[in-house]
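Please read the structure below before turning to the comments.
The values are calculated or read from the model by the stated rules, or taken from the named source; none is laboratory data. Values in this document were obtained by computation on a predicted structure and should not be read as measured data. In this analysis, Cβ positions are derived from the backbone assuming ideal geometry, glycine residues included, and neighbour counts consider all displayed protein chains. In case anyone asks, the SASA skips ligands and DNA or RNA and just uses the protein heavy atoms, side chains included. Shrake-Rupley method; radii C 1.70, N 1.55, O 1.52, S 1.80 Å.
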Amino acid sequence: TLCYLYLWARWGPCSAALIRRTVRRLHRSRCSFTFCCCAGPPARQPPLPAPPEERVCLRIGDKVFYTDETQFLDDLNRWSLLLISPFVYPDKILKAEHIAFVTESISAQTDNLQKVPGSSKEIVKWSDYCSPLAYKPGEPYKLIAEASVDNFSNLGIAFMEDRLQMDNGMVPHKIVCKYLHKLFLMSAGQSEEEKSKLEKESDHEDESSSLSDKETGAGEHHHLHLSSCHECLQLENSTIESVRFASAENIPELSDECNSKLEENNDDSLARGIKRVNLAGKPPNVLIYLGSETAKVKFEQVKSILQECIDADSYTIYQLHEEQVLKAPWIDNSLLLIIATEERISEENHKQFMKFLSKGGKILGFSSSFTFDGIQIKRKNKLKKTVHELVVSKMDSAEIKLNLLVSGYIFEEVMKEDTSKVKTLSRLNNADKDTVIVHLTYGDSGGEAILSQAHLELDINSMDVQTEEDFNLLKISNAKRYEVLKEILISLGLSCQLSEIPMLTPIYLLSSDEEIHLAFLKWLEGNVDAEGLRASSTVSLKFVSSCESKMEITPSLMPVITEMGSFSSEHFSLKTYQQNLQTKKLGKILLFTEVTTTTMNLLDG
């Protein structure tokens, strides 16, 4: 896994993309991001401590980008506040999607001049990407500022590429993310009595938080052996270097100058390459809410339909149980919520669903009572459990007609000042032109919902239809039903491009030392059965001398070829690996395969 992480970072599109992805994915976890210069400040300043190697994300020359534990800015008494600072105006609290940080800069001395950027490098002016809040004179000169997540990334990228220019002519030396304790957001201009009261409340919260950590184990940190053992770190680094060299055939280097430009120009390509990335920055989890229904059958029905539409390798589908709606931390960890119940949504659950939307979440309603803002549902008994023709408007403004089972409810717009957030996607092809599918937006973070009173989620065989004619109508429209459902899922930001799963390949037992290879094979003879099988509860390994054309390869049974003479791969060079391996024992025996389900279970047991 360490090798995978290293190669992902090393051969990613460019360093700028790595920084941007890291900040976007981790900023909600409240970890601290630091960009610093390892060369150290002028001689009169103490050198900056080297970051722990396991926390380093990127090195470019003498610049380092790494993550650290949460860092708070605790003492504002020594800072001079600027007029626009939220510390002066307590009602102007930093937005949740903004990052507060401290920039340290030093005087540009003759022996420590900032590198003059090349003519092809675009200068980034510090104040153009952030809002300064407070400053502290001295050496180093410190500035507190706040910026959006992307602008903070832009500053970090410019710093790493020697393109960041401070307004005061000083040289930026360090940028570190700091979290502002709420005590100091409110302290400016308050009386001593008010401050004392707030401090007590803060202390009480800290104690509660500490107790909660102890109860849940969240406050414990167990370091892996590799993180604390110098010898293991050296062995690990050597093995990673060997893999890097052995895998580096014909992979071109990216020039430093094109790092940022390439990332800016190829955003579309990057998005296509990483299917799990989404605008809300949420994990690729899809939740299905069925109300108080506990029947596994309904969940499996909806899940099965979804898996036939979306890229199953890019999303994970779970059921959101009734008792989890108010307790589990699903709001920040889900991309799409599907509400597939006709039960009344409780007021508490409705608030949770709206909170999910306000944070950029997406909701897809299947014949549910969930509505909000300018829309409500109206009962029409004559429509209940009947098959009707729908006219659906696609994203390209084209129309598609199909027959679906409807719930017996339709949507009506409530008279409000602003109805621009409601868009009708489908009407029944009847005299009343009843609305059955609507699209609504909510909030400023990209939240949106598509609500349907037609059963797009039900398979033909699971529908309770009245006549054979209705059954035949649904059967004819089944392909169009999938087409409409995919269209809806794509409009909600999901990928419906099904990826082709590659065929599994055998595993090769390789060694950089023939003597060790023979010794390993001799040991193996006493640890497999008569047919060369090493059984396991998850993946069994069958050791064979050579590759056969009709060899069985399944996720639970993987053949391991022991003769190295037949091995060849365009992705890995054993010779280059041998030349660069500097260890005595570690890494001498390899298991190599082109395609496998997971490496986690290969050596299980």
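Restricting attention to the stretch 414-437, the residues being at pLDDT 85 or above and either within 37 Å of the chain's Cα centre (by Cα) or charged (D, E, K, R) (or both) number 12. Scanning the stretch 377-413 for residues that are in a strand (DSSP E or B) and open to solvent by 40 Å² or more (accessible area, probe 1.4 Å) gives I377, K378, R379, H388, E389, S393, E399, K401, Y409, E412, E413. Exactly one residue out of N333, N259, N266 is at pLDDT below 90, within 23 Å of the chain's Cα centre (by Cα) and over 28 Å from D444 (Cα atoms): that is N259. Checking V484, V438 one by one, the residue that is open to solvent by less than 20 Å² (accessible area, probe 1.4 Å), in contact with a Ser or Thr (Cβ under 7 Å, 6 or more places away or on another chain) and not assigned by the TED database to the domain that holds V539 is V438 and no other. Whenever a residue of the stretch 505-522 is without any contact (Cβ under 8 Å) to a residue 60 or more places away in the chain, its partners that are of a type in the set (V, I, T) and surrounded by 15 or more Cβ atoms within 10 Å (Cβ to Cβ), lying with C-beta atoms within less than 7 angstrom and at least six residues away or across chains, give the pairs L521/T562. Within the stretch 448-472, the residues that satisfy the criterion of being open to solvent by 30 Å² or more (accessible area, probe 1.4 Å) and part of a loop (DSSP other than H, G, I, E, B) are D459, D464, V465, Q466, T467.
Number of residues in the stretch 150-162 that are open to solvent by 20 Å² or more (accessible area, probe 1.4 Å) and either in a strand (DSSP E or B) or more than 11 Å from K63 (Cβ to Cβ) (or both): the value is 3.
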